[in-house]
1. Only counting other Cβ atoms within 10 Å, I'd like TYR151, TYR246 sorted with the fewest neighbours first.
2. Counting DSSP beta bridges in the range 5-143, what percent are antiparallel, to the nearest 5?
3. Which percent of Cα-Cα pairs in the chain sits in each 10 Å bin, short to long?
4. Quickly rank 123-133, 182-192 as a protection proxy: mean count of other C-beta atoms within 10 Å, highest first.
5. What lysines does LYS3 reach when the alpha-carbon gap must be under 20 Å and sequence neighbours fewer than 8 apart in one chain are set aside?
6. Which of GLY135, GLY41, GLY218 moves the most in a Gaussian network model of the chain with Cα springs under 10 Å?
7. By the scheme Lys and Arg +1, Asp and Glu -1, what is the net charge of all other residues having a beta-carbon under 15 Å from that of LEU200?
8. When only Cα pairs under 8 Å and 6 or more residues apart are kept, what is the percent relative contact order across the chain?
Amino acid sequence: MEKRPTGEEIAGAGAYEELHVPALFQEWTARVLEAADVRAGHRVLDVACGTGVLSRSAAERVGNSGEVTGIDPNPGMLAVARRLSSGIRWKEGVAEDLPAEDASFERVVSQFGMMFFTDRGAAVEEMLRVLVPEGRLAVAVWDSLANTPAYAQAVDLLDRMAGPDAAYALRAPFVMGDRAALEQLLRDAGAHDVEGATHLGRARFPSLRAMVEADLRGWLPVMGVNLEEDLILAILSEAEKELAEYVVSNGRVEFASPAHIVSGRKVGGLLATG
Ligand SMILES: C[S@@+](CC[C@H](N)C(=O)[O-])C[C@H]1O[C@@H](n2cnc3c(N)ncnc32)[C@H](O)[C@@H]1O
């Protein structure tokens, strides 16, 4: 039975959808679906779907003859996903033990979730298990923190003002910056024709305050870190000074946020062992 989300989980996921998704995640969906070659009529699985931004783009692509399933362990994320789209199947579950039949999807996609998997190799094996022979998968992860200076500075700020747990929550998304290692992970799990590319994404927030609030009120609670309101206000005020270089015009904030997309193919039948 699925867990009932707490009020805090729903609020965190709601803030994530409102603040983070348009600024950081939306721009990647087309690239990930392209890398997986998602087409009309496909059955698509979105692993670590969060509030469902990639699933919703996939649903548009596959049309009425296709079908999209989103899987995530966070009940708050799924509650928001369900509220936004009823035409997609939303399921609670983890990547390492997907609640899906063998060979039941033509495509498996996953964006910006793999950094949080406890066993990434097992997760890719699971993605291959649920793919049909000749099915394709594509996974997106952020480039390293060193290549994302705005977040490197934000992590440093959080470390000083809110401590290591808060800093870890913000650093965690950037731990898979080594693209060759991700490509090897897919090969080791049994994927064929593995290909990777690094794309120069661009984060776009309406203001510096919106960027930092997205982390403090949207992302940290998803990672189990809830800061006191006084501390949130103090961090926001300090961020206005320390991150000012990322303000472009009219108070808007833009900065480089590169990511890797790696794809592979499942080889079926006798070929799989060859
Ligand atoms: C940064 S969010 C990305 C969500 C979504 N893919 C998007 O683009 O907005 C990371 C997601 O990974 C999920 N997650 C964490 N551990 C997971 C696991 N072991 N299996 C599947 N999903 C996981 C979280 O619940 C969260 O929704």
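1. Values: TYR151 22, TYR246 19.
Ascending Cβ contact count within 10 Å gives the list TYR246, TYR151.
2. Values: 1 of 19 bridges.
Percent antiparallel among DSSP bridges in the range 5-143 is about 5.
3. Calculated over all Cα pairs of the chain, the distribution is 7, 30, 35, 21, 7, 1, 0 percent.
4. Values: 123-133: 21.5, 182-192: 18.1.
My ranking of the peptides, most packed first, is 123-133, 182-192.
5. By straight Cα distance, LYS3 reaches LYS91.
6. The residue that fluctuates most here is GLY41.
7. On the way: positive: ARG31, ARG179, ARG202, ARG204; negative: GLU27, ASP143, GLU254.
With Lys, Arg at +1 and Asp, Glu at -1, the neighbours total +1.
8. Numbers: 561 pairs, mean separation 60.5, N = 274.
Contact order relative to length: 22 percent.
None of the figures in this text is laboratory data; all of them are computed from the coordinates on show. Note that the coordinates shown come from a computational prediction; the quantities given were computed from them, not determined experimentally. Here the Cβ is made from the backbone with ideal geometry for all residues, glycine too, and neighbour counts use every protein chain on show.
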